[in-house]
Amino acid sequence: MSRVTESDERLAVEAAQRDPGRFAELYEQNFHKVYAYVSCRVQDRSQRQDLTAHVFQQALANIGKFKWRGAPFVTWLYRIAANAIADQARKQSREVAEMEVATTDTSVDSGLEQVERRARLFRAVEALPDDQHKVILLRFAEEKSIREIASELNRSEGAIKQLQFRGLETLRTRLREVEFK
């Protein structure tokens, strides 16, 4: 690979400014340097390739604005690359923050829905006839067996099962009514 002198590079820049079709020479001279610069800062290969392509698209689009100041042309390309990397990092950061907010909003909404559902259930249990209310609380809140409840209420196990069945049917009906209102 031959070494490009400052005057050769300056002539190539001026030629590209007059005719953007001549930008290919600058691209070929600087591609590997820009790709290496981006590679040191970006882990994902696909993102490195996209960013490098973006740098050269921006350089071609703005070649007319480039002013020679004695620094190599690649310095200008590095500045474009640094800005592109920073922009991408900000964009990814915003996307992550938006996803976290959406997840938080969803979990808050979900939590509020769950609280409201439980409140409706508690109100419905409170409205049950006394015998059904006692059986449902003992069975599901205190997690007692049918036998334990029967013994505690001085009823047969069959009677407790029947009270539990009626209580659950009443709850289903009331909760469906509330749900469809």
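The values are calculated or read from the model by the stated rules, or taken from the named source; none is laboratory data. What you are looking at is a predicted structure, and each value in this text was computed from that prediction instead of being measured. Reconstructed Cβ throughout: ideal geometry from the backbone, glycine too, with neighbour counts over all protein chains shown.
Check the range 47-59 and report whether any residue there is in contact (Cβ under 8 Å) with a residue 40 or more places away in the chain and either over 26 Å from the mean Cα position of the chain (by Cα) or under 16 Å from residue 25 (Cβ atoms) (or both). Taking every residue of the range 47-59 in turn, none turns out to be in contact (Cβ under 8 Å) with a residue 40 or more places away in the chain and either over 26 Å from the mean Cα position of the chain (by Cα) or under 16 Å from residue 25 (Cβ atoms) (or both).
Hey, among the residues in the range 136-156 that are more than 53 Å from the chain's Cα centre (by Cα) and polar (S, T, N, Q), which one's nearest to residue 172 (Cα to Cα)? The residue in question is 156. Of all the listed residues (169, 113, 177, 143), the sole one being loosely packed, with under 12 Cβ neighbours inside 10 Å and outside any helix (DSSP H, G or I) is 143. If the condition is being assigned to a loop (DSSP other than H, G, I, E, B) and within 16 Å of residue 77 (Cβ to Cβ), then the range 1-47 contributes 4, 40, 41, 42.
Step by step: first the residues of the range 18-66, then only those that are of a type in the set (D, E, K, R) and closer than 19 Å to residue 89 by Cβ, then the one that is surrounded by the most Cβ atoms within 10 Å (Cβ to Cβ). Which residue is that?
If we take residues in the range 18-66 being of a type in the set (D, E, K, R) and closer than 19 Å to residue 89 by Cβ, then 48 is surrounded by the most Cβ atoms within 10 Å (Cβ to Cβ).
Within the range 1-20, residues that are at pLDDT 85 or above sit with their Cβ atoms under 8 Å from residues that are polar (S, T, N, Q), at 6+ positions apart or across chains, in these pairs: 9/29; 12/29.
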